[in-house]
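Shown next, in structure tokens, is the structure this report addresses.
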Amino acid sequence: MKSQSGFIIYWILSILVMGLIFLFSSFPPPMELSFLFAGKPIHLLAYGVLASLIYFAREKSRALFHPIFIPFLIAFLYGISDEIHQHFVPGREADVFDALANALGAFVFPLGIHAKKYGWMIKSPNKNR
């Protein structure tokens, strides 16, 4: 039962993050973020967090689908839909570089979590030598 509640909590958090992304992209960006590449770290972070939450939801459900690809795909497709949404918001535009930042965050965050959890990281040199 505990696994089921974790699954529900992570999906609720994922949906909340999706809602926040939609809300923030429904208004023109602040002036300090309106120049080229200024908001890319925000895109990386937002979609990285979203894909990570989906990764944890998948883990709690013990689903057999791919642990990195499916969270990436869901977050990436949501990012594409958000870029389309922004096309219709005054003061915003659909941006290929934003979509790339979304995709990068959606891929790297779950990959890093998975690598850390299952030991895929490069081992640091032994400091005792």
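Quick rundown of the values:
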{"read-out": "Count of residues meeting criterion [under 19 Å from Tyr55 (Cα atoms) and part of a loop (DSSP other than H, G, I, E, B)] in the stretch 79-117", "value": "0"}
{"read-out": "Any hit, the stretch 56-64, residues being acidic (Asp, Glu) and open to solvent by 40 Å² or more (accessible area, probe 1.4 Å)", "value": "yes"}
{"read-out": "Per-region count, the stretch 19-43, residues under 16 Å from Ala99 (Cβ atoms) and modelled with pLDDT of 95 or more", "value": "2"}
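The values are calculated or read from the model by the stated rules, or taken from the named source; none is laboratory data. Note that the structure is predicted; figures quoted are calculated from it, not measured. A quick note on method: Cβ atoms are made from the backbone with ideal geometry, for glycine too, and the neighbour counts reach across all protein chains shown. Side chains are part of the model used for accessible areas, which takes the heavy atoms of the whole protein and leaves out ligands, DNA and RNA. Shrake-Rupley method; radii C 1.70, N 1.55, O 1.52, S 1.80 Å.
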